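Read through the structure below, which is laid out as structure tokens, and then see the notes.
The values are calculated or read from the model by the stated rules, or taken from the named source; none is laboratory data. Only a predicted model underlies this, so the values are computations on that prediction, with no experimental measurement involved. Quick reminder, even Gly has a Cβ in these numbers, built from the backbone with ideal geometry, and neighbours come from all protein chains shown. Ligands, DNA and RNA are stripped out before the accessible areas are found, and what is left, the full protein with its side chains, is counted by its heavy atoms. Shrake-Rupley method; radii C 1.70, N 1.55, O 1.52, S 1.80 Å.
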Amino acid sequence: MKRISDPKVIENYVRDESVIIIGKADEVVFPRDEKQIAEVLKEANRRGVRVTISGAGTGITGSRVPLGGIVLSTEMLTEVYPKQLACGELVEYSESGKRYSIFIGKDEDTGEFYAIAPPGIPVEIFKRMVESKGLFYPPDSTETTAFLGGNVATNASGARTFHYGSTREYVRRLRVVLPNGDVLNIRRGEVFADGNKFTIVLTSGEQINLELPTYNMPKVEKNAAGYYVKPNMDLIDLFIGSEGTLGVISEVEVRLIEKPKAILPVFAHFSREDDAIKFAKVLKAHRQFLSKYSVNLLSIEFFDKNSVEFIRKKYPPPKIPANSNGIIFFELEIRDENKAREALEGIVSLLEECKVLETMTSFSPDWAREAKEIRHALPEGVNNFVRAHGTRKVATDIVVPEENFDEMMATYRQVGDGTGIPYVNFGHIGNNHLHFNFLPRTREELEKAVKACTLLLKKAVQLGGTVSGEHGVGKKSYVEDDEERPLLELMYGRKGLMEIAKIKHALDPNHILNIGNIVPEEYLKQVS
């Protein structure tokens, strides 16, 4: 197993895409299989050395940033091994000198297709390998270079979560290496909580008793904040979305579906933001009507006026009309072209009712690629803007219940306009999940944006929402009365974080794994 202590190499592992925190580490290790993961953790646990799991580094919450000790990189965990496999097909692929392998099979009892995959395979490569067999992995995290294991660790989601759901809904089985080196093989449907309690038996025979938190999760369509909690819940759901705080994922088994026949991406331009939002709402309300005519509404995305201006810098008129001040991007899966005509005519009528300016759409593969590039022009433009000003964006990941979306939208505008700081507001409006980004131009505006962001977060919680719909919590905080506080305190208070800390402590009593994620170290010290 490769181990590197060269500071120049370590430098590549002490930050993520957010750059909200710069960490430190003594070495980086590169296990190639589960046995080597266990060896690293056993040694670290014995010595009391911290271990931070590092995936692709695409996260924006500081989750992979080490606070000392060892970085355990999952980038060499790219293959499954035949000895672990039953009947099915081993699919192999090579790119940039790296070998990838997955196993695809069919469940004889349910007729369900599934794939067994390593945690270090990039999602885009995994999807490509699956689709080469006529199958499809629906979860669509925005950053496709992210690793599959990281997606499971954060319960990642994206635009098409509107139709398909999040990563959690596709995970059938996990192999997880605990901080002491023990391995759990957790299959969905086999281990359930007794009310709010789990008992885990280690290889030594020791029993670990876990008592689930008493907090209630928000009733929203997407949530990636804190440990999943539900009466009589499945054990696998405790580990999904736990951000590497409870163990290292060494193998993932996910459900697959048949590959969609045809997907139609559509850009709809409006002269007013409110017309765009109105169309998103009526389109969503017609979801069942569309399904009746063999059309699945996969996603609904919103871009405000400021977002459109950023996109238009790269795609000037006529690509993005000069008078477009709001965009709704949506995707349709056409299951039966003969039946779909009436559904498509219905969408045209809805667009006209909402005063659409112009639409852009095509079944062409070239258009599908261009549509993706147009959407990605926004984050690229935003990153270039803050980089040019020597600052960073201050962003939210808020989801609220549908009945409170309008109030949250009004708050975005009120707080954003009130600061005088440039901002963009965009994202997954189909799930009432927008990403509001302040774009400060000076250090003073950065400090002001951080405080204003707290107003948005508190409003979201007041409305029954979550502070994180898809990115996770990581090491993020909020500022109130000039004091930094753990982000999750806003939702669950100190009591909720103490309950999370107790679960973490039960599985990681020496506090070595992913310290600082979800629950700060100060809480762990209190439960020791």
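Within the stretch 274-297, is there a residue that is modelled with pLDDT of 95 or more, assigned to a helix (DSSP H, G or I) and polar (S, T, N, Q)? Within the stretch 274-297, one or more residues are modelled with pLDDT of 95 or more, assigned to a helix (DSSP H, G or I) and polar (S, T, N, Q).
Does the stretch 392-402 contain at least one residue that is over 23 Å from the mean Cα position of the chain (by Cα) and surrounded by fewer than 20 Cβ atoms within 10 Å (Cβ to Cβ)? No. If we scan the stretch 260-273, do we find a residue that is closer than 12 Å to Arg173 by Cα and either open to solvent by less than 10 Å² (accessible area, probe 1.4 Å) or among the charged types (D, E, K, R) (or both)? Within the stretch 260-273, not a single residue is closer than 12 Å to Arg173 by Cα and either open to solvent by less than 10 Å² (accessible area, probe 1.4 Å) or among the charged types (D, E, K, R) (or both). One residue alone among Ala388, Ala410 is open to solvent by 50 Å² or more (accessible area, probe 1.4 Å) and under 27 Å from Lys319 (Cβ atoms), and that residue is Ala388. Say whether the condition of being under 18 Å from Ala153 (Cα atoms) and either in contact with a Cys (Cβ under 8 Å, 6 or more places away or on another chain) or of a type in the set (Val, Ile, Thr) (or both) is met by at least one residue in the stretch 31-39. Looking through the stretch 31-39, at least one residue is under 18 Å from Ala153 (Cα atoms) and either in contact with a Cys (Cβ under 8 Å, 6 or more places away or on another chain) or of a type in the set (Val, Ile, Thr) (or both). Here the condition is being over 25 Å from Ile300 (Cβ atoms) and more than 10 Å from the chain's Cα centre (by Cα); of Val152, Val177, it holds for Val177 alone. Scanning the stretch 299-357 for residues that are among the hydroxyl-bearing types (Ser, Thr, Tyr), closer than 23 Å to His428 by Cβ and open to solvent by 10 Å² or more (accessible area, probe 1.4 Å) yields one hit, Tyr315.
Every residue, every condition in (1) aliphatic (A, V, I, L, M); (2) modelled with pLDDT of 95 or more; (3) within 29 Å of Thr454 (Cβ to Cβ); (4) touching an Asp or Glu at 6+ places or on another chain (Cβ under 6 Å), yes or no:
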site: Ile328; (1), (2), (3), (4): yes, yes, no, no
site: Ile347; (1), (2), (3), (4): yes, yes, no, no
site: Trp367; (1), (2), (3), (4): no, no, no, no
site: Asn383; (1), (2), (3), (4): no, no, yes, no
site: Arg387; (1), (2), (3), (4): no, no, yes, no
site: Pro401; (1), (2), (3), (4): no, yes, yes, no
site: Ala410; (1), (2), (3), (4): yes, yes, yes, no
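Looking across the stretch 2-20 at every residue that is among the aliphatic types (A, V, I, L, M) and modelled with pLDDT of 95 or more, the one that is surrounded by the most Cβ atoms within 10 Å (Cβ to Cβ) is identified as Val14. Taking the condition of a type in the set (Val, Ile, Thr) and touching a helix residue (DSSP H, G or I) at 6+ places or on another chain (Cβ under 8 Å), does Ile257 pass? So Ile257 does not fit the description; no. Residue count for the stretch 91-133 under the criterion of being open to solvent by less than 30 Å² (accessible area, probe 1.4 Å) and touching a residue at least 24 places away in the same chain (Cβ under 8 Å): the result is 18.
Of the residues making up the stretch 467-478, those that are among the aromatic types (Phe, Trp, Tyr) and open to solvent by less than 10 Å² (accessible area, probe 1.4 Å) number 0. Restricting the first member to the stretch 196-209 and to residues that are closer than 15 Å to Val183 by Cα, and the second to residues that are surrounded by 10 or more Cβ atoms within 10 Å (Cβ to Cβ) and aromatic (Phe, Trp, Tyr), the beta-carbon pairs closer than 9 Å and six or more apart or on different chains are Ile208/Phe198.
The set of residues in the stretch 389-420 being touching a strand residue (DSSP E or B) at 6+ places or on another chain (Cβ under 8 Å), assigned to a helix (DSSP H, G or I) and within 11 Å of Ala460 (Cβ to Cβ) consists of Met408, Tyr412.
Tell me, please, whether a residue that is open to solvent by 40 Å² or more (accessible area, probe 1.4 Å), more than 24 Å from the chain's Cα centre (by Cα) and in contact (Cβ under 8 Å) with a residue 60 or more places away in the chain can be found in the stretch 363-374. Scanning the stretch 363-374, I find at least one residue that is open to solvent by 40 Å² or more (accessible area, probe 1.4 Å), more than 24 Å from the chain's Cα centre (by Cα) and in contact (Cβ under 8 Å) with a residue 60 or more places away in the chain, so the answer is yes. The residue list Ala322, Ala280, Ala268 contains one member that is of a type in the set (Gly, Ala, Ser) and free of Cβ contacts under 8 Å to residues at least 60 places away in the same chain, which is Ala322. When Ser324 is tested against (1) in contact with a Ser or Thr (Cβ under 9 Å, 6 or more places away or on another chain); (2) part of a helix (DSSP H, G or I), exactly one condition is not met: (2). Just one of the listed residues (Asn216, Asn223, Asn232) is over 22 Å from the mean Cα position of the chain (by Cα), of a type in the set (S, T, N, Q) and open to solvent by 10 Å² or more (accessible area, probe 1.4 Å), and it is Asn232. The set of residues in the stretch 491-519 that are in contact with a strand residue (DSSP E or B) (Cβ under 8 Å, 6 or more places away or on another chain) and surrounded by fewer than 20 Cβ atoms within 10 Å (Cβ to Cβ) comprises Lys502, Ala506. The lone criterion from (1) within 25 Å of Val473 (Cα to Cα); (2) surrounded by fewer than 17 Cβ atoms within 10 Å (Cβ to Cβ); (3) touching a residue at least 40 places away in the same chain (Cβ under 8 Å) left unmet by Gly23 is number (2).
Conditions tested, residue by residue: (1) surrounded by fewer than 23 Cβ atoms within 10 Å (Cβ to Cβ); (2) out of contact with any Ser or Thr (no Cβ under 7 Å at 6 or more places or on another chain); (3) in contact (Cβ under 8 Å) with a residue 24 or more places away in the chain.
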{"position": "Gly418", "(1), (2), (3)": "yes, yes, yes"}
{"position": "Ile429", "(1), (2), (3)": "no, yes, yes"}
{"position": "Leu439", "(1), (2), (3)": "no, yes, yes"}
{"position": "Cys453", "(1), (2), (3)": "yes, no, yes"}
{"position": "Lys458", "(1), (2), (3)": "yes, yes, yes"}
{"position": "Val461", "(1), (2), (3)": "yes, yes, yes"}
{"position": "Gly465", "(1), (2), (3)": "no, yes, yes"}
{"position": "Glu480", "(1), (2), (3)": "yes, no, yes"}
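Within the option set Ser242, Ser250, being touching a residue at least 12 places away in the same chain (Cβ under 8 Å), buried (at least 24 other Cβ atoms within 10 Å of the Cβ) and touching an Asp or Glu at 6+ places or on another chain (Cβ under 6 Å) holds for one residue only, Ser250. Restricting the search to the stretch 459-488, which residues are at pLDDT below 95 and hydrophobic (A, V, I, L, M, F, W, C)? Listed by number, the list holds a single entry, Val479. Checking each residue in the stretch 348-375 for being in a helix (DSSP H, G or I), in contact with a Phe, Trp or Tyr (Cβ under 9 Å, 6 or more places away or on another chain) and more than 14 Å from Ile320 (Cβ to Cβ) picks out Leu350, Leu351, Glu353.
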